[in-house]
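The values are calculated or read from the model by the stated rules, or taken from the named source; none is laboratory data. It should be emphasised that the depicted structure is a prediction, and the values quoted were computed from it without experimental measurement. Because the Cβ atoms are built from the backbone with ideal geometry, glycine has one as well, and the counts that use them run over all protein chains shown.
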Amino acid sequence: MSAELTSIEETRDALGSAGYLAGESTALVSFLAARMGKPVLVEGPAGVGKTELAKALARATKRKLVRLQCYEGLDEAKALYEWNYRKQLLRIQVEASDAGWSEVRDDIFGEEFLLPRPLLSAISAEEPVVLLIDEIDKTDQEFEAMLLEVLSDFQVSIPELGVVEAKTHPLVLLTSNNSRELTEALKRRCLYLWLDYPDVERELEIVRLHAPELSEDMTRKLVEVVHMVRNLDLKKPPSIAESIDWARALLLLGAEDLDAGVLERTLSVIVKHRTDLDLVAERVGVKLTDGLIGSRRAG
Ligand SMILES: Nc1ncnc2c1ncn2[C@@H]1O[C@H](COP(=O)(O)OP(=O)(O)OP(=O)(O)O)[C@@H](O)[C@H]1O
Ligand SMILES: [Mg+2]
């Protein structure tokens, strides 16, 4: 049975119980999407929780998650449906000797020989699902057009079989890393959520949630360092995913403090370009040595 999201507050709480700390706009847009039945386009830098939001919404609403991972060259056969050629061929071989072609033909284009892919699975599910269309910016505009049709009509027409109408409406989330501008037509049909790096306090909560064993002091220091590193002009700033990894790495290494030495040894967990490594070691290491990080502890 799926659970309903009846208010913004409840949405935030339900996401929280599902292990996702939602900011105000995240809770608001998720609530509206569930109530209005509109897809949400989630954009933002890498590793800020776009994919996880869909997973958490599935857990929060007790719905099944159907995921379509997009990539360059993704086509209808992999996204919508395709015919199970092998099975069709076998049936033809079995029947060919004593049945006419028209009978065999009717037979092999039946539902039994259809392989539903994520989009078709999502709309033909008996119970409403959460449909995650991840990294839509990796596909081309033709794919987007096909998607629009499915998302606005909630039906799929299969020439040999007829129209498959949605039994239930999925809660749809599309994510994008902005590698290309999406079409206006798609944006018009979606609610929009921009996810950015969180502020220090929210990121502290998120890291605590994922690495509760790390001491409060170290966690705060770690998040402050990450924020400082994000403010440098790096090729690839560290994301929430990297803050969490770093916390777990420090735990595994049994580090007791986050000082310049520990930073230097573990820097590659959060910074992944050679030139960035040099810059961070130079700028942030000094601040740790001078005790300028972690000194503004709250309470
Ligand atoms: N608000 C949050 N509450 C709890 N965990 C979070 C939150 N935001 C991000 N995370 C955690 O951060 C990590 C990265 O999130 P996710 O994979 O969803 O990022 P993404 O935006 O989809 O990145 P990419 O663009 O690289 O696919 C996950 O482990 C996720 O659990
Ligand atoms: Mg993702």
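Can you say whether THR11 is crowded, with 18+ Cβ neighbours inside 10 Å and away from ligand 1 (no atom under 16 Å from the Cβ), as far as the supplied structure shows? Spelling it out, it is not the case that THR11 is crowded, with 18+ Cβ neighbours inside 10 Å and away from ligand 1 (no atom under 16 Å from the Cβ).
Please pick out the residue among LEU222, LEU193 that is within 25 Å of LEU32 (Cβ to Cβ) and buried (at least 20 other Cβ atoms within 10 Å of the Cβ). Among LEU222, LEU193, only LEU193 is within 25 Å of LEU32 (Cβ to Cβ) and buried (at least 20 other Cβ atoms within 10 Å of the Cβ). ALA77: touching a residue at least 40 places away in the same chain (Cβ under 8 Å) and within 16 Å of ligand 2 (Cβ to nearest atom), yes or no? Here the answer is no, as ALA77 does not meet what is asked. Residue pairs whose Cβ atoms lie under 6 Å apart, sitting 6 or more positions apart in sequence or on different chains, and linking a residue in region 132-153 that is polar (S, T, N, Q) to a partner that is within 11 Å of ligand 2 (Cβ to nearest atom) and modelled with pLDDT of 95 or more, are THR139/CYS70.
GLY19 versus (1) over 25 Å from LEU151 (Cα atoms); (2) without any contact (Cβ under 8 Å) to a residue 60 or more places away in the chain; (3) touching a Leu at 6+ places or on another chain (Cβ under 7 Å): which is the lone unmet condition? Here GLY19 clears every test but (2). Where helices (runs of 4 or more DSSP H) fall wholly inside region 118-204, the ranges with 2 or more residues that are more than 16 Å from ligand 2 (Cβ to nearest atom) and more than 20 Å from ALA77 (Cα to Cα) are 184-189.
For region 202-217, does any single residue satisfy the condition of being crowded, with 18+ Cβ neighbours inside 10 Å, free of Cβ contacts under 8 Å to residues at least 60 places away in the same chain and more than 30 Å from VAL29 (Cα to Cα)? Yes, region 202-217 has at least one match. Among the residues of region 80-100, the one identified as touching a residue at least 24 places away in the same chain (Cβ under 8 Å), buried (at least 16 other Cβ atoms within 10 Å of the Cβ) and assigned to a helix (DSSP H, G or I) is GLN88.
Consider GLU181 carefully, then state whether it is surrounded by fewer than 20 Cβ atoms within 10 Å (Cβ to Cβ), over 30 Å from the mean Cα position of the chain (by Cα) and among the charged types (D, E, K, R). Against the criterion (surrounded by fewer than 20 Cβ atoms within 10 Å (Cβ to Cβ), over 30 Å from the mean Cα position of the chain (by Cα) and among the charged types (D, E, K, R)), GLU181 does not qualify.
If only residues of region 54-73 that are within 16 Å of ligand 1 (Cβ to nearest atom) and part of a loop (DSSP other than H, G, I, E, B) are counted, the one that is farthest from VAL172 (Cα to Cα) is GLU72. In the set (1) surrounded by fewer than 16 Cβ atoms within 10 Å (Cβ to Cβ); (2) under 22 Å from ARG208 (Cβ atoms), the condition left unmet by ILE270 is number (1).
The residues on offer are LEU195, LEU115, and the sole one that is modelled with pLDDT of 90 or more, touching a strand residue (DSSP E or B) at 6+ places or on another chain (Cβ under 8 Å) and away from ligand 1 (no atom under 16 Å from the Cβ) is LEU115. Flag set for GLU103, criterion: more than 27 Å from ALA145 (Cβ to Cβ) and not in a loop (DSSP other than H, G, I, E, B). The residue that is farthest from THR6 (Cα to Cα), among those in region 37-51 that are crowded, with 17+ Cβ neighbours inside 10 Å and within 10 Å of ligand 2 (Cβ to nearest atom), is GLY47.
Note on region 16-53: residues that are part of a helix (DSSP H, G or I), of a type outside the set (Ser, Thr, Tyr) and near ligand 1 (Cβ under 8 Å from one of its atoms) total 3. All conditions but one from (1) within 17 Å of ARG220 (Cβ to Cβ); (2) crowded, with 18+ Cβ neighbours inside 10 Å apply to LEU251; the one that does not is (2).
Every condition in (1) under 23 Å from the mean Cα position of the chain (by Cα); (2) over 24 Å from SER268 (Cβ atoms); (3) small (Gly, Ala, Ser) holds for SER157 except the one numbered (1).
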